[in-house]
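Presented below is the structure to which this report refers.
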Amino acid sequence: MATSLANIFHKCSVTSLENKFLTLSITCSVPQTRKKSMFPFPPPRLRNPTWFTKKNRSKSDEYLTPENREFVKEVVQDTYNKNLPLAQDITTNVEWTPKLQRTGVIARKIGIYPLWMKDGKKVATTLLQVLDNHVIHYYPPEEYQPVRKIRNRVYNKKGCLLIGAEEGDPTAFTKEYCGLFTESGVMPKKILSRFFVSPDATLPLGASINALHFQVGNYVDVRGKTIDRGFQGVMKRHGFKGMPASHGVTKTHRRGGCIGGGGEKGRVWPGTKMPGHMGNKFRVAKGLKIYRINTRYNVLWVSGQAIPGETNSIVYVYDTKLPLRAPTKPLPFPTYLQELDESMPEDVYDESVHVFSDPTIFFKGE
Amino acid sequence: MLPVLTRNSITNVCKGLRRFSSALPKSDTEVSKLKTEKLKREILEFRHAYPEFLPDPKIEFRNKIREKLERNDMVARRTQVDIPEFYVGSILAVTSSDRHSGGKSNRFVGICIYRGGCGLRAEFILRNVIDHQGIEVLYQMYDPSLQKVEVLRLEKRLDDKLYYLRDALPEYSTFDPNMEAELMPEGAPVPVNPIKVKLKPRPWLERWERQNLQGVQDLELPEKFYIKAAQVATPWEKYDLMKEYMRTIPVEEQTEIFSEVQSKLQSLEIDRKKLKRKRVIVKPTKLA
């Protein structure tokens, strides 16, 4: 390239042309050497997010007097949860549109019980308690570093909202971990999670999110870690049929049997279903309907009883991605912008749900 | 009506009693102590009439907030339908609206052979023989299509489950659908029916000889069945403290739970008694 440019300069010595190519010539004049990597080896493919620090401090006896203990408590109370933005004070000029992605919330799966519909049908619902969610940090799209960089692709035009839930004792956490919370002023949380949001849907630091972030009748996706079942055989893990219990069958009752053919295909094909570790993986249950919301305890009643995770485990709730279950009415944006108080009805029901304090159902004749 | 007592308030009362015991005359403290004891006992009595208010026997399914919400819903449903005290072995009549025949309702009379589930998942099975055909219906206790639950005969049997009636002679599970409710004197203990049921000869649905049943007559099996039953028996399980601990809810927790719903349940019970009295007066006596 340098030679071809030199030829052009040789032929026409017009100064204006020279100026035009000035920028190009600058880049060309710099010798093209590769920037030395800071690693002596190829850089790691995965980088942990910035909030992945050591969390818990090793326990040690502090030999504090009761007075000192009280003092530490007071200091903790005075340092955190001050000047957090109230829900009423959050303002936004942006109207909700279906393309905007709102933040999700951290919740706890607290159990399963049935609700009855007005047409008499029984529906198994899972109760998800939305915890005390607070915004800890916001990474704008240009700042957010994903765990794995995908080259040659414009990825992720969304910002990243770091949200924490469940207040913990700051003296039990490391200094580094507590440092994550200094910016927002929120009491250090036990659970941290990141949610991708549209830059317009971001929330101020320290803002809290409650159960009315969602609305009854809408659909959500719930992500959780499935129950850890350990190393399991093929019958439990993949639902194989096993082999007969009798009729001369020996030593192969719960075995998988053949795992492949011979000849060309004479090997175990990748993805063959075999025994192995089962569960303890993140899975998403999609398109679950919200039937009821309790504003006092921040509980969502969500359809289905197969939400990943044990009772009392942590799950993450998002607006659904399923196109046919997209909300029809505008959602509270960027979140529900009112404090929950006494004037709120304690329970909000979907119109199809039979309220337990309503009279007995009588079906109409034709 | 009795005041609502939480566990804390009970302990506070006790503490207060201890503190002022010297100041008060002894008899008074004793009387109030007895009163609180009595109240506690009354609250604990609820566990027989309302077993489904207690948390799940499986520890891993428990959650306090869920249970509280569940209990509130149960009480809300009980304001609309009267679900009386009954046990396995009692004879019930359940009237329910039928989704598949609009405008009509069904009334089924039968003996309760199973009662289980906790919270809103509580359920019971009624069994009767109708036109020489054994019929069983599983009712969800808090199903809003249940219109009425009547106890026609309040009694217990010798066993916790009466599934063996399926293999018994049909006369043991045949009850008149037009049966009248038997009134019991108030406050009387629930009678236990010591009837011993005669089973049909094998084959059976289950191996009844292995279940240590009290309410069946001699099974008349060959000796080998009893030998095998003795081999697979687990007589040590009743001494397993850990199992017992997992299965049962401690008294303190029970008092806490029932004192929470007690006032509501009791007002419901009072309403029910009033209704019952009214019914007794209104009921015309049959002549001849």
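Which one of these does B:Arg66 not meet: (1) crowded, with 20+ Cβ neighbours inside 10 Å; (2) closer than 15 Å to A:Gly111 by Cα; (3) within 21 Å of the chain's Cα centre (by Cα)?
In the conditions (1) crowded, with 20+ Cβ neighbours inside 10 Å; (2) closer than 15 Å to A:Gly111 by Cα; (3) within 21 Å of the chain's Cα centre (by Cα), B:Arg66 misses (3) alone.
Please indicate, with yes or no, whether at least one residue in region B:112-129 is among the polar types (S, T, N, Q) and either open to solvent by 20 Å² or more (accessible area, probe 1.4 Å) or in contact with a Cys (Cβ under 9 Å, 6 or more places away or on another chain) (or both).
No, there is no match, as no residue in region B:112-129 is among the polar types (S, T, N, Q) and either open to solvent by 20 Å² or more (accessible area, probe 1.4 Å) or in contact with a Cys (Cβ under 9 Å, 6 or more places away or on another chain) (or both).
Have a look at B:Glu171, B:Glu182, B:Glu150, B:Glu186 and point out the one that is surrounded by 13 or more Cβ atoms within 10 Å (Cβ to Cβ) and among the charged types (D, E, K, R).
When all the criteria are applied, what remains is B:Glu150.
Rundown of residues vs (1) under 22 Å from A:Ile163 (Cα atoms); (2) modelled with pLDDT of 95 or more, yes/no style:
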residue	(1), (2)
A:Gln32	no, no
A:Lys36	no, no
A:Pro49	yes, no
A:Ser58	no, no
A:Val72	no, no
A:Tyr80	yes, no
A:Ala107	yes, yes
A:Pro114	no, yes
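If A:Phe362 passes every condition in (1) open to solvent by 20 Å² or more (accessible area, probe 1.4 Å); (2) in contact (Cβ under 8 Å) with a residue 12 or more places away in the chain; (3) within 14 Å of chain B (Cβ to nearest Cβ) but one, which one does it miss?
(2)
Within the group B:Val109, B:Val137, B:Val88, which residue is surrounded by fewer than 18 Cβ atoms within 10 Å (Cβ to Cβ), touching a Leu at 6+ places or on another chain (Cβ under 8 Å) and among the aliphatic types (A, V, I, L, M)?
Among B:Val109, B:Val137, B:Val88, only B:Val137 is surrounded by fewer than 18 Cβ atoms within 10 Å (Cβ to Cβ), touching a Leu at 6+ places or on another chain (Cβ under 8 Å) and among the aliphatic types (A, V, I, L, M).
Which residue pairs have Cβ atoms closer than 6 Å, lie 6 or more positions apart in sequence or on different chains, and pair a first residue in region A:68-83 that is at negative phi with a second residue that is modelled with pLDDT of 90 or more and not in a loop (DSSP other than H, G, I, E, B)?
As it stands, the answer is A:Val76/A:Pro170, since those pairs meet every condition given.
Determine the pairs where a residue that is over 16 Å from B:Leu213 (Cα atoms) and among the aromatic types (Phe, Trp, Tyr), located within region B:163-183, has a partner that is at pLDDT 95 or above and open to solvent by less than 80 Å² (accessible area, probe 1.4 Å) with Cβ atoms under 6 Å apart, the partner being 6 or more residues away or on another chain.
Sorted first by the residue in region B:163-183, then by its partner, the pairs are B:Phe175/B:Ile91; B:Phe175/B:Val109; B:Phe175/B:Asn128.
With respect to the numbered conditions (1) farther than 16 Å from B:Tyr142 by Cβ; (2) over 16 Å from the mean Cα position of the chain (by Cα); (3) among the hydrophobic types (A, V, I, L, M, F, W, C), which one is the sole condition not fulfilled by B:Ala76?
Of (1) farther than 16 Å from B:Tyr142 by Cβ; (2) over 16 Å from the mean Cα position of the chain (by Cα); (3) among the hydrophobic types (A, V, I, L, M, F, W, C), only one is false for B:Ala76: (1).
Considering region B:151-177 alone, what residues qualify as being assigned to a loop (DSSP other than H, G, I, E, B) and in contact with a strand residue (DSSP E or B) (Cβ under 8 Å, 6 or more places away or on another chain)?
B:Glu155, B:Arg157, B:Leu158, B:Lys161, B:Leu162, B:Leu169, B:Thr174, B:Phe175, B:Asp176, B:Pro177 - these are the residues of region B:151-177 that are assigned to a loop (DSSP other than H, G, I, E, B) and in contact with a strand residue (DSSP E or B) (Cβ under 8 Å, 6 or more places away or on another chain).
Would you point out which residue out of A:Phe240, A:Phe231, A:Phe195, A:Phe214 is surrounded by fewer than 15 Cβ atoms within 10 Å (Cβ to Cβ) and either under 29 Å from A:Leu84 (Cα atoms) or of a type in the set (Phe, Trp, Tyr) (or both)?
Answer to the check: A:Phe231.
Across region A:315-359, what is the number of residues that are under 25 Å from A:Ala87 (Cα atoms) and open to solvent by less than 30 Å² (accessible area, probe 1.4 Å)?
Adding up the residues that qualify gives 10.
Would you mention how many residues in region B:1-51 are in a loop (DSSP other than H, G, I, E, B) and at pLDDT 80 or above?
Selection size over region B:1-51: 1.
Only residues that are more than 26 Å from B:Asp131 (Cα to Cα), open to solvent by 60 Å² or more (accessible area, probe 1.4 Å) and either assigned to a loop (DSSP other than H, G, I, E, B) or touching a Phe, Trp or Tyr at 6+ places or on another chain (Cβ under 8 Å) (or both): list them for region B:189-217, please.
Listed by number, the residues that qualify are B:Pro189, B:Pro194, B:Arg207, B:Gln211, B:Asn212, B:Gln214.
Scan region A:80-88 and give yes if some residue there is away from chain B (no Cβ under 14 Å), surrounded by fewer than 18 Cβ atoms within 10 Å (Cβ to Cβ), more than 15 Å from the chain's Cα centre (by Cα) and of a type in the set (Ser, Thr, Tyr), otherwise no.
no
Answer yes if at least one residue in region A:321-343 is assigned to a loop (DSSP other than H, G, I, E, B), within 14 Å of chain B (Cβ to nearest Cβ) and hydrophobic (A, V, I, L, M, F, W, C), and no otherwise.
Looking for residues that are assigned to a loop (DSSP other than H, G, I, E, B), within 14 Å of chain B (Cβ to nearest Cβ) and hydrophobic (A, V, I, L, M, F, W, C), one finds none in region A:321-343, hence no.
When only residues in region A:275-295 that are among the small types (Gly, Ala, Ser) and in a strand (DSSP E or B) count, which is surrounded by the most Cβ atoms within 10 Å (Cβ to Cβ)?
A:Ala285
Could you list all residues from region A:122-140 that are in a loop (DSSP other than H, G, I, E, B) and either within 8 Å of chain B (Cβ to nearest Cβ) or surrounded by 15 or more Cβ atoms within 10 Å (Cβ to Cβ) (or both)?
A:Leu131, A:Asp132
Could you tell me which residue of region A:296-314 is farthest from A:Arg229 (Cα to Cα), considering only residues that are within 14 Å of another protein chain (Cβ to nearest Cβ) and surrounded by fewer than 15 Cβ atoms within 10 Å (Cβ to Cβ)?
A:Arg296
So is A:Arg255 in contact (Cβ under 8 Å) with a residue 12 or more places away in the chain, among the charged types (D, E, K, R) and over 30 Å from A:Pro204 (Cα atoms) or not?
Judged against the criteria, A:Arg255 is a match.
Considering region A:349-359 alone, what residues qualify as being aromatic (Phe, Trp, Tyr) and either touching a residue at least 40 places away in the same chain (Cβ under 8 Å) or more than 7 Å from chain B (Cβ to nearest Cβ) (or both)?
A:Tyr349
The values are calculated or read from the model by the stated rules, or taken from the named source; none is laboratory data. It should be emphasised that the depicted structure is a prediction, and the values quoted were computed from it without experimental measurement. In this analysis, Cβ positions are derived from the backbone assuming ideal geometry, glycine residues included, and neighbour counts consider all displayed protein chains. In case anyone asks, the SASA skips ligands and DNA or RNA and just uses the protein heavy atoms, side chains included. Shrake-Rupley method; radii C 1.70, N 1.55, O 1.52, S 1.80 Å.
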